[in-house]
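Student: Below is the structure I would like to discuss, written out as structure tokens.
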Amino acid sequence: MMTVKRKPKKQGLSNSYSVVKYNVMAEKMSSSDHAPPTYLKLLTGTLVNVNVTLDETFVAIKIVNLEKQYHVSEEDIWKCPRDALIHVDKSVWPILSAVPSPIDRVVLLRDSVLLEELAAIKVGSVVNILKDGYVNEYLPAVVKYKGPISKKGPGVYFGVEILEGVHEGDNDGCYGNQRFFSSPPGTGMFVSVERLLPANYSMRQNFNDSVQQSKLVASMQKQFYPVNSSISETICECEKSELKIGDRIIWMYDNEPISGIVRCIGYSESNQLKVSIQLDEPVHTDYVGGRESRTITVPALELVKASDFYGDEGESKVNGEVTWSSGATSTRDINTKYNQATQDFITLNTPPSSYDDGASSGSEGSGYYDTPDSSSAESFCVGSLVEVPINGEPNYGVIRWIGTVPGDKRSRRVAGIEMEKEQPGFGDGSFSGRRYFHCNPERSLFISLNQCKRDSRFQDSPFKRIPRKSEDFGCIESPIIPGVIPPVSRGDITSICGKNRGIQGHHNSCYLDATLFSMFTFTSVFDSLLYRPALCTDIPHYQLIQRVLRDEIVNPLRTNFYVRADRVMKLRTLMKEELKDVSFTTEEKDPEEFLTSLVAKILRAEPFLKLSSGQEAYHYQLFVEKDEALIFPTVQQLFEQSFLSSDLKLKEVPSCLIIQMPRFGKSFKMYPRILPSQLLDVTDVIEDSPRQCTVCGNLADFECKECFEQCDVGLQSISFCRACLERSHNHERRRNHKYKPLSVPLEFTIIKDHCLIPRLYMQLFAVVCIETSHYVTFVKCGTGADAPWCFFDSMADRKGEQNGYNIPEMVACPELPYWLSEKGAMDLQSKDERRLPEYAKRLLCDAYMCMYQSTEVMMYR
């Protein structure tokens, strides 16, 4: 292929979108004549934007990198064969870009009739929705929402209410704390278009015909793998392999059995039979470029039918549906049969069924307490965290139901447990056709209650061997303190400062230590996170994680001014397990990543910020263009510039406002120094807030962004009353300005002549800083202008080497209010960085995140 060394002229993006229909090599188009050629393999299903046609054979494209699978810029232009692309009509692009599976995109594009009908689906349409985990089983539903869901991903999604089937959905019309429609609990779902079929679609009758389906998929499969044989030969070879579309299979990966469903079968370029499978759980594998994915394609020889893997008793039919019995499963022999009297394990894998109120005695989620057999001294209730020994290995879960099951002549008390990890042979919350609770497939285990033990990971048992504290974290006690403990409030903080104060750091925890110390030691603005009662929509371990945060970290910090590192490690371990992210216990992260994980994903708090764009957020990143005239900018200046340039407003005054500075980690700082503003004036960024005219001081009626800093400083300079607007915009420099009216609350217009226009301020209470990959923080020890400040470092010192431990430290900073004052800032601005006081340098040069609070608003939230 001839190397192209020139960039085509942009003839205006035509918004002509396409999808790559088979793997193909693309060449990067460079403006340099001396640059070596760069090639990239475009994978099947990749979305691209056709920029310009080069000739009859090639087009210039840009990659729409939705899956982030290519480490290239979306502005790069690539030369690609036209024949490798399938054109996507602009009307279907929004729904197609939401489809997560590249193969499904191509399948949809190959059926133009179906795609046209799917694009025409609107709110109110009756559709059939593919059941989760099935290939050809659909449920009737009605579309209640069609549109974007920013927290779910790009493109257009469908919110549907399922009309048949109890608890076949997974919500009630809410997604990510945002309501899109209303439906009964357990009947709502948000899906992309490949899960839908129009109610009157003629091909739906063929989906129960395996031969017809094999032909359909095989013909589509030619787009994924260039096939040298005919379609009939492909189907014939599939029959020889004894694998069919819809089969349950086991794929041995890294010596672990991974279960899934056959989606497509076809040939590779080397004539090797390959199978596309949808896994029950996503995995990281080289088959998809090292990314996490649920859809992969592997050689057929690497797969075995689940019935063969589990043995003769592994596969059975219940009501015409394939299910897995409670016989011995996999090499781990997880389960034994309930009807063997010598065994106490009972596993469940019957298909979902409706509730049977008379099925058995017991309760789900009711707080029912049970007294187990006399051989056990412990008592359990629904919600207890338990440990179950299986083949000598501990397995962990939470009790969801306690009672007796019909047919057990011994009338034993049985616990229905939702296990932490899926295992072949576990169930979905049902037993013998009766449902006792709901959980994901391969997660439920029914077991005699006297086989349960307390979860040993989360208890301080005298019988559990733990390393001596002197070996790991020192000899200072860090007791669990339950209850409600208010924040620290002291006028003189010298008595609580010094070594071994604050949160002890361990294994790259400084980002978490500094953030938690800032959030909870001296302020109550985040205390709602500690006391919100659990809801039915919360994660199973919500109360446990909340209790560890409150009773083992925050309360000891406020009472004894010290938290040992193993207490924090317990929180990190719980987050690791809940988020399936092992890096939480070992690697360094950013404070905002920790905040999002803990506050948004686990504790599911209401977002702190509500923006005029309709978006919600937990922190605000400053996005500004560098102003070369600003040598030593304040947070107030950058805050106003960011809101002005993004044309955003806050819908209400937040109780707390976390602002991330315009920098990227430790590698890039837009400004060498930034002065945190002690008071942040948010008056002019609050939607519908009364504002002053920049000229006369009366109530403003209009806003002109183009007048920024012409008549005053900051956002105060862009608001005008009607008279001053007309007068100032008669000037020839402002005649062409575009202004817009302001919305003022009716109740204020009534009293505007009898009161001053208020200004709204938020107080700075913490500044998290970073230097050479290490996070520390400055925290205000109370409220009010005279409150003292302290500096905290969770790893200020260390005792011992490899087997030693870190020593945290709090240091009083009486000079900090002066450094943040106008006079102090002018004094520090004139000094070279090397001559700045140590803590002043850290504060001004290393600021990463500033935290503000409204003492008035936080009283009501």
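Student: Give the accessible surface of the range 66-117 per residue, rounded to a whole number of Å², with probe radius 1.4 Å and ligands, DNA and RNA excluded. Please list the in-between numbers first.
Tutor: Values: 2470 Å² over 52 residues.
Roughly 48 Å² per residue, with all protein chains present.
Student: Another one. Heavy-atom accessible area of residue 89 with all protein chains present, probe 1.4 Å, nearest 10 Å²?
Tutor: Accessible area, nearest 10 Å²: 80 Å².
Student: Ok, one more. Please label the shape of the range 575-632 as rounded, prolate or oblate, based on the square roots a ≥ b ≥ c of the eigenvalues of the alpha-carbon gyration tensor (a/c under 1.5 means rounded; beyond that, a/b larger than b/c means prolate, else oblate).
Tutor: Values: a/c = 4.06, a/b = 1.55, b/c = 2.62.
Oblate.
Student: Using only C-alpha positions, report the orientation-averaged shadow area of the convex hull of the range 669-795, nm², one decimal.
Tutor: Computing the convex hull of the Cα atoms and averaging its projections yields 11.4 nm².
Student: What distance in nm lies between label points placed 7 Å from Cα along the C-beta direction at residue 90 and residue 645?
Tutor: Label-label distance for residue 90 and residue 645, simple model: 3.0 nm.
Student: Between residue 495 and residue 560, what length comes free when the chain is fully extended (0.36 nm per residue of separation minus the Cα-Cα distance, one decimal in nm)? Intermediate values should be presented prior to the final figure.
Tutor: On the way: separation 65, 0.36 × 65 = 23.40 nm, distance 1.20 nm.
Working it through step by step, the gained length comes to 22.2 nm.
Student: Right, another one. In the range 634-676, what percent of the accessible surface is made up of carbon and sulfur (1.4 Å probe, ligands and nucleic acids excluded)?
Tutor: Numbers: 860 of 1500 Å².
The nonpolar share, carbon plus sulfur, comes to 57 percent.
Student: Oh, and also: In whole percent, how big is the carbon plus sulfur part of the accessible area of the range 476-551, probe 1.4 Å, protein atoms only? Provide the component values of the computation, followed by the final result.
Tutor: Values: 1760 of 3050 Å².
Roughly 58 percent of what the probe reaches on the range 476-551 is carbon or sulfur.
Student: Compute, for the range 655-734, the length of the dipole vector about the Cα centre, with Cβ point charges of +1 (Lys, Arg) and -1 (Asp, Glu) only. Units Debye, rounded to 20.
Tutor: 520 debye
Student: Given the protein chains as shown and a 1.4 Å probe, how many square angstrom of residue 187 are accessible, to the nearest 10?
Tutor: Here the accessible area works out near 20 Å².
Student: Hand me the trypsin sites (Lys or Arg not before Pro) from the range 737-821 located in a DSSP loop with no more than 11 other Cβ atoms within 10 Å, in residue order please. Could the numbers behind the result be given before it?
Tutor: Details: sites: 738, 752, 759, 780, 798, 799; in loops: 738, 759.
Qualifying residues, ordered by number: 738.
Student: Could I ask something else about it? Of 539, 498, 508, which is farthest on the positive side of the dipole of the range 493-616, counting Cα position, with +1 on Lys and Arg Cβ, -1 on Asp and Glu Cβ, and the Cα centre as origin?
Tutor: Among 539, 498, 508, the one farthest towards the positive end of the dipole of the range 493-616 is 498.
Student: In whole Å and largest first, what semi-axes does the C-alpha gyration tensor of the range 74-118 yield when each eigenvalue is scaled by 5 and square-rooted? Please list the in-between numbers first.
Tutor: Details: eigenvalues 86, 33, 22 Å².
Taking √(5λ) for each eigenvalue gives 21, 13, 11 Å, largest first.
Student: Residue 722: accessible area at probe 1.4 Å, nearest 10 Å²?
Tutor: 130 Å²
Student: Compute the accessible area per residue over the range 632-728, keeping the other protein chains in place, probe 1.4 Å, unit Å². Before the final figure, lay out the partial values.
Tutor: Numbers: 3600 Å² over 97 residues.
Accessible area per residue: 37 Å².
Student: Determine the order of 170, 527, 590 by accessible area, beginning with the largest, at a probe radius of 1.4 Å. Write down the numbers at each step before the final one.
Tutor: Working: 170 110, 527 20, 590 50 Å².
Result of the area sort, largest leading: 170, 590, 527.
Student: Which order do 731, 87 take when ranked by solvent-accessible area (1.4 Å probe, heavy atoms of all protein chains), largest first? Could you put the intermediate results ahead of the total?
Tutor: Numbers: 731 75, 87 115 Å².
These residues rank, largest area first, as 87, 731.
Student: Where Lys and Arg each count +1 and Asp and Glu each count -1, what net charge lies around residue 124 among other residues with Cβ under 14 Å from its Cβ? Show your work: numbers first, answer last.
Tutor: Working: positive: 122, 144, 146; negative: 161.
So the environment of residue 124 carries a net charge of +2.
Student: When only alpha-carbon atoms are used, what values of Rg and Dmax, in angstrom, describe the range 534-620?
Tutor: That works out to 14.2, 44 Å for Rg and Dmax.
Student: Any idea how far apart residue 52 and residue 615 come out in nm if each label point goes 7 Å out from Cα toward Cβ?
Tutor: 3.2 nm
Student: While we're looking at this one, here's another question. Skipping prolines and chain starts, which residues have an amide H placed within reach, meaning under 5 Å, of the one on residue 634, given they are 5 or more residues away or on another chain?
Tutor: 675
Student: Go through the range 706-798 and name the GluC sites (Glu not before Pro) that are in a DSSP coil and have 12 or fewer other Cβ atoms within 10 Å of their Cβ.
Tutor: On the way: sites: 706, 709, 726, 732, 747, 771; in loops: 709, 732.
The qualifying sites are 732.
Student: Given points 7 Å out from each Cα along the Cα-Cβ axis, report the residue 712 to residue 604 separation in nanometres with one decimal.
Tutor: Rounded to a tenth, the inter-label distance reads 4.4 nm.
Student: Could you tell me what percent of the accessible area of the range 750-815 is made up of carbon and sulfur, with a 1.4 Å probe and every protein chain present?
Tutor: Working: 1610 of 3160 Å².
Using a 1.4 Å probe with all protein chains present, the range 750-815 comes out at 51 percent carbon and sulfur.
Student: Shifting gears a bit: In the structure shown, do any of 151/651; 576/841; 589/823 have a Cα-Cα gap over 26 Å, and if so which? Show your work: numbers first, answer last.
Tutor: Values: 151/651 20 Å; 576/841 35 Å; 589/823 36 Å.
In this structure, 576/841; 589/823 exceed 26 Å between Cα atoms.
Student: Leaving out ligands and nucleic acids, note down the accessible area per residue over the range 755-861 with a 1.4 angstrom probe, in whole Å². Please report the intermediate quantities before stating the final value.
Tutor: Values: 5140 Å² over 107 residues.
Accessible area per residue: 48 Å².
Student: Hey, another quick one. Please arrange 41, 28 by accessible surface area, largest first, computed with a 1.4 Å probe and ligands excluded. Spell out each step's value before the answer.
Tutor: Numbers: 41 110, 28 75 Å².
Listed by decreasing accessible area, they come as 41, 28.
The values are calculated or read from the model by the stated rules, or taken from the named source; none is laboratory data. Just so we're clear, the structure is a prediction, and the values are computed from it rather than from any experiment. Every residue, glycine as well, gets a Cβ built from its backbone with ideal geometry; the counts of neighbours run over all protein chains shown. Remember, those area values only see protein heavy atoms, side chains included, never the ligands or the DNA or RNA. Shrake-Rupley method; radii C 1.70, N 1.55, O 1.52, S 1.80 Å.
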